[in-house]
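Before any comments, here is the structure.
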Amino acid sequence: MIGLSQLGRRTWVVTAVALIVLLVANAILQHNFLEPSVVQSNLTTFLPLVLVAIGQTYVILGGDIDLSVGAIVALTNVVTVTVIAALGGDGTAVTLGLLAGVGVGVGCGLINGLIIAGLRFQPIVTTFATSIVFSGLALWVLPQAGLPVPEPYWRTYAGSVLGIPTVYVIYLVAFLLAAFLAARPFMTRLKAVGGQRTAAFQTGVDIGKLRVSAFVLSGLFGAFSSLCLTGETASGDPLMGQTLAMSAISAVVLGGTALAGGVGGALGSVLGAWVVGMIGSVIFFAGLPFEYQTLVHMNRFVDLAKNPLLISFVAILVLLVIGELVSPGFARGDQIVRLLTVSAILGIAAAGQNLVILGGREGIDLSIGAVISLGAVIAGNVMNGSDAAIPLAFAAACGAGFLIGLVNGLGVTYLRIPPLVMTLGMMGVIQGGLVVLSRGVPSGNAAPALMAFVSRSAFLGIPGILFVWAAIIVLMALVLKRTRFGWSIYAVGSNENAAVLTGLPARRIRVLLYGLAGLFGGFTGVCVIGYTGNSFISVGDQYVLPSVIAVVIGGTSLSGGAGSYTGTALGAIALILLQSVLTTLNLEFWGRQVIFGVTLLLLMLLYGRQARLRV
């Protein structure tokens, strides 16, 4: 009999039970749920996510992660439909289009693998950067959605092969390929790489080759998913697949694959993908609003060249020079103040992210954007244009953010939920709550004094928010480098077991770090509404991944225990400057996306690489 402790190690069993419960719930809510046509329709809807989840499984098993798969799906789609259209749309054109699409997916996966395994870049930042590049390329290939595919393409996908529905044939092929890989030494070695990378390296396992292969498989299955979506939509769309990456990660974790790598399998991920799909189906047929679905990242010279603070500072100067050359006046005093004001908002949000990442154990807070949105909504409704209510607005927003952060910390620390999953789930809960709270309609306004403090001159032509950010930079530096609490953060992030043996309350420290991340998120929300004047329920979404990128650009290790907030602050400024320079160049959106992604990869090349394994 399987006990509770065994169930904790067999997540796929719990997922299978959840799937059964969801099937029953769907059968109750949808009376024709078990009819063959409805079953086929549901499986068709779930198929793209199933395929992406299978591919993501191999990457995660190897101890990595792929955030670019959604962009790969989009790029594959537009290349496929464009090639088909360019070649006349006949049978040969369709075949060549399909081959081109698969080639794009495999090529994108190969690029990810070579950069991450060959150059030792951080996977989460690298795939975020390549996703931007792939998305930009998709928009370049097909600027607008709507290019149709030939009728035989989508009719074949919706029809059958030898009397068997095409969708079922694709499921069968995917399962057979996954089973074939599971029976090969490749899978055992991949799990060894994800579970104990150093030990695997010392036994002679070709780690680099395995990691590259995992990313190639992810790209391959991403391409398959795209071809299915193309058959389902019967057209090209450069924005296709935007939500697939996060949904696939959720499905993989639900299926029992550990985010740390080394444990799990593709079958569990299939079950997880079906569960994710069934949850949406239950919500839809229960008659709840769509938004409720959100409820349920020269030796001395060489040493200096590797210093992230120096590189960030030099990058800032270079960007200012480029901006001034392209657009005279770009580096003017008032323009720099404006850029620093925008940087301050991102920098304050990144402060909490910095603390969580420093704390180690794959720490990351993907709920920060939702917390910022919540803080903005709360502050707007509390102030409602009244200067007298500003202190209460800060207290309410920061308090709510701190409590949410504590919940994240408790879930990560005591329930041992992977941070990526815990904070991703919390993001959904907050977003759903915001819909209920605001009924989807923006409400509340910033007080005039707050708007003046954030975006207008307070002293010597400098807005008040910059003085606040400067104070936060100094305070963070003092706390991290000069206090017992700061030393404890580095100790816990570097080696938690050793920290515990020395008597440090590692769990309480980690919970507090998430609480502080939430507090900074709430504080940022108030600053955002002070900058914009009013709030809306997705105002904080734009800060999620940039807050992580700013931390990494600033030299903080994603594995924890090394880094500084000063570097993060410079990283935030560099990011905002880069975005502003790209806008000044008057490039098309796809061009800005590609250059932004490539620049992030170049910064990673300079100092964001992982340590080389040695025997």
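The values are calculated or read from the model by the stated rules, or taken from the named source; none is laboratory data. Predicted model, so just to flag it, every value in this text is computed and none were measured. In this analysis, Cβ positions are derived from the backbone assuming ideal geometry, glycine residues included, and neighbour counts consider all displayed protein chains. In case anyone asks, the SASA skips ligands and DNA or RNA and just uses the protein heavy atoms, side chains included. Shrake-Rupley method; radii C 1.70, N 1.55, O 1.52, S 1.80 Å.
Laid out as a table, the results:
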item: Matching entry among VAL454, VAL435, VAL479 (being under 30 Å from GLN335 (Cβ atoms) and among the β-branched types (Val, Ile, Thr)); result: VAL454
item: One residue from SER269, SER250 being out of contact with any strand residue (DSSP E or B) (no Cβ under 7 Å at 6 or more places or on another chain), open to solvent by 30 Å² or more (accessible area, probe 1.4 Å) and closer than 26 Å to PHE128 by Cα; result: SER250
item: Which numbered condition HIS297 misses (of (1) open to solvent by less than 30 Å² (accessible area, probe 1.4 Å); (2) at pLDDT 65 or above); result: (2)
item: Yes/no for ARG508 being under 29 Å from the mean Cα position of the chain (by Cα) and open to solvent by 50 Å² or more (accessible area, probe 1.4 Å); result: yes
item: First in segment 240-261 and assigned to a helix (DSSP H, G or I), second anywhere and open to solvent by less than 20 Å² (accessible area, probe 1.4 Å) and of a type in the set (Asp, Glu), Cβ under 9 Å, 6 or more apart; result: ALA245/ASP66; ALA248/ASP66; ILE249/ASP66
item: Elements of type helices (runs of 4 or more DSSP H) in segment 116-231, at least 2 residues being over 18 Å from TYR58 (Cα atoms) and open to solvent by 60 Å² or more (accessible area, probe 1.4 Å); result: 151-158, 166-182, 197-202
item: Number of positions in segment 226-252 that are in contact with a Ser or Thr (Cβ under 9 Å, 6 or more places away or on another chain) and at pLDDT below 80; result: 1
item: All positions within segment 309-357 that are among the hydrophobic types (A, V, I, L, M, F, W, C), open to solvent by 20 Å² or more (accessible area, probe 1.4 Å) and modelled with pLDDT of 75 or more; result: ILE336, VAL337, LEU340, VAL342
item: Residue among LEU450, LEU480 that is closer than 29 Å to MET422 by Cα and open to solvent by less than 30 Å² (accessible area, probe 1.4 Å); result: LEU480
item: Filter result (crowded, with 24+ Cβ neighbours inside 10 Å and either basic (Lys, Arg) or part of a helix (DSSP H, G or I) (or both)) within segment 549-566; result: ILE549, ALA550, VAL551, VAL552, ILE553, TYR565
item: Pairs, first closer than 11 Å to ILE368 by Cα in segment 421-438, second among the charged types (D, E, K, R) and buried (at least 23 other Cβ atoms within 10 Å of the Cβ), C-beta under 8 Å, six or more apart; result: THR423/ASP365
item: Positions within segment 44-70 being over 19 Å from ALA260 (Cα atoms), open to solvent by 10 Å² or more (accessible area, probe 1.4 Å) and of a type in the set (A, V, I, L, M, F, W, C), in sequence order; result: PHE46, LEU49
item: Within segment 56-89, tally of residues that are under 29 Å from GLU151 (Cβ atoms) and assigned to a helix (DSSP H, G or I); result: 18
item: Count - residues of segment 383-413 that are among the β-branched types (Val, Ile, Thr), modelled with pLDDT under 90 and open to solvent by 20 Å² or more (accessible area, probe 1.4 Å); result: 1
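Rundown of residues vs (1) buried (at least 24 other Cβ atoms within 10 Å of the Cβ); (2) on the phi < 0 side of the Ramachandran plot; (3) touching a Lys or Arg at 6+ places or on another chain (Cβ under 9 Å), yes/no style:
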site	(1), (2), (3)
GLU362	no, no, no
ASP365	yes, yes, no
ALA370	yes, yes, no
LEU420	no, yes, no
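Residues are listed down the side, and each one gets a yes or a no for (1) at positive phi; (2) of a type in the set (D, E, K, R); (3) assigned to a helix (DSSP H, G or I); (4) open to solvent by less than 40 Å² (accessible area, probe 1.4 Å):
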| position | (1), (2), (3), (4) |
| --- | --- |
| ILE417 | no, no, no, no |
| ILE430 | no, no, yes, yes |
| GLY433 | no, no, yes, yes |
| VAL454 | no, no, yes, yes |
| VAL492 | no, no, yes, yes |
| LEU504 | no, no, no, yes |
